[in-house]
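Every number here is computed from the coordinates shown, using simple stated rules; none is lab data. Keep in mind that this is a model prediction, so the values were computed, not measured. A quick note on method: Cβ atoms are made from the backbone with ideal geometry, for glycine too, and the neighbour counts reach across all protein chains shown.
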Amino acid sequence: MFGLLCGLTGAQPSTPLVDAARGPVPVPDFTAPPLLGNAVNDDQRRPRNYDMQPPTIPHRVDGYQIDKNFNKCLDCHARSKTEFSQAIPVSATHYIDRAGKVLPQISTRRYFCMQCHIAQDPVLPLVNNGFENAEQMAKKAAAAAAQAGKK
């Protein structure tokens with residue numbers, strides 16, 4: 001509300017508004033984008049945190065062409081090429097259209113891989129995250145039940 005009133009009256013707040021995610025730069029000022037680091041490139045499969053979570057991309061993808069004419073990911077991950085590339089094949093679910101019909105090629109709604117699958121960067125999180133997946137929660141509950149049974 002204060003910012004809205006300042007905008008209407010032309011008055012400036014006495015202290016600049018700062019957002020911790022932007023660092024010390026006041027909100028109305030421009031910030032320089034962070035430099036791109038070295039993407040994780042270890043080809044290690046990472047555990048998923050929930051059912052149907054898309055797997056992350058364990059290798060660099062900078063400069064990959066993915067557009068209506070070409071999809072670089074399919075050079076290795078197309079089912080016809082995985083025997084040679086040793087890459088994980090595209091899931092069978094990606095060959096099913098909206099009507100449930102199985103297609104001989106990737107469905108157009110699953111063609112742009114990086115809408116769901118993301119590469120990883122070795123960076124610290126901006127905020128702490130206490131997320132626990134279902135397996136971790138079940139183990140805690142079982143341990144708590146076992147502890148309660150000993151009393």
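Structural remarks
- Single condition Ala144 does not satisfy, out of (1) under 19 Å from Thr56 (Cα atoms); (2) in a helix (DSSP H, G or I); (3) not polar (S, T, N, Q): (1)
Each row is one residue, and each column tells you yes or no for (1) among the basic types (Lys, Arg); (2) closer than 30 Å to Ala20 by Cβ; (3) not in a loop (DSSP other than H, G, I, E, B).
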site: Ser80; (1), (2), (3): no, no, no
site: His94; (1), (2), (3): no, no, yes
site: Gln105; (1), (2), (3): no, no, no
site: Asp121; (1), (2), (3): no, yes, no
site: Gly130; (1), (2), (3): no, yes, no
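- Among the residues examined, Val123 does not qualify as over 18 Å from Asn41 (Cα atoms) and among the β-branched types (Val, Ile, Thr).
- If you go through the range 82-106 and keep only what is touching a residue at least 12 places away in the same chain (Cβ under 8 Å), hydroxyl-bearing (Ser, Thr, Tyr) and surrounded by 10 or more Cβ atoms within 10 Å (Cβ to Cβ), you end up with just Tyr95.
- Contacts under 6 angstrom Cβ, first residue in the range 39-65 being more than 25 Å from Ala134 (Cα to Cα), partner surrounded by 10 or more Cβ atoms within 10 Å (Cβ to Cβ) and among the small types (Gly, Ala, Ser), 6 or more apart: Ala39/Ala119; Arg60/Ala39; Val61/Ala119
- No other residue among Ala99, Ala39 is assigned to a loop (DSSP other than H, G, I, E, B) and touching a strand residue (DSSP E or B) at 6+ places or on another chain (Cβ under 7 Å) apart from Ala39.
- Residue check for Pro89: closer than 16 Å to Asp43 by Cβ, assigned to a loop (DSSP other than H, G, I, E, B) and not hydroxyl-bearing (Ser, Thr, Tyr): yes
- Screening Arg79, Arg109 for residues that are farther than 22 Å from Ala39 by Cβ and surrounded by 13 or more Cβ atoms within 10 Å (Cβ to Cβ) leaves exactly one candidate, Arg79.
- Qualifying residue in the range 74-84 (condition: more than 30 Å from Ala138 (Cα to Cα) and in contact with a strand residue (DSSP E or B) (Cβ under 6 Å, 6 or more places away or on another chain)): no
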